[in-house]
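The values are calculated or read from the model by the stated rules, or taken from the named source; none is laboratory data. Remember, predicted model here, so these are calculated numbers, not experimental data. Reconstructed Cβ throughout: ideal geometry from the backbone, glycine too, with neighbour counts over all protein chains shown.
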Amino acid sequence: MSGVIDIVYAEYNYWIYVTLMMIGFYAMIAKKNLIKKVIGANIFQTAIFLFYVSLADITDGTAPIIVGHGAEHAEHVEHAADVIYTNPVPHCLILTAIVVAVSTTAVALALIIRIYNEYGSLDEDVILAARRELQPEFSEHARQKGVAEVSEQ
């Protein structure tokens, strides 16, 4: 039994990522409130960010910076090949992904404000029911009928 606990403890970071991903996925799928869906998407994205940053970590690795450039530092530079460096690329990619995530969240919240002004609710079921009342051609039956007509052609 202690072997299983040792394995779980050794890979605890993966358990954290999977837990965060499932919390975010649950919020996106099960919740009807649009704000909660956006929060769930942000939790999911954060789990992915943490996962990618942790992949770049190397045991006993240092930052990829070479110190010393002159003749007085020559003995230090020739030993630089023995140093283990961490990979900086995932950190750069995640920095870009964070900027995209913040922008996407801002656009989603702006759209949610417009939806609330239009329908007076943030509940997905209320919004869909209001759309069916206002525009019956968007009902499920009309959509299925349109799909059947497209597939016949």
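In the stretch 3-32, the residues that are closer than 30 Å to ASP125 by Cβ form Cβ pairs under 7 Å with partners that are at pLDDT 85 or above and charged (D, E, K, R), at six or more places apart or across chains, as follows: ALA27/LYS36; ALA27/LYS37; MET28/LYS37; LYS31/LYS37; LYS32/ASP123; LYS32/GLU124; LYS32/ASP125. Identify the residue in the stretch 59-94 that is among the hydrophobic types (A, V, I, L, M, F, W, C) and modelled with pLDDT under 55 and, among all such residues, is surrounded by the most Cβ atoms within 10 Å (Cβ to Cβ). Top of the filtered list is VAL77.
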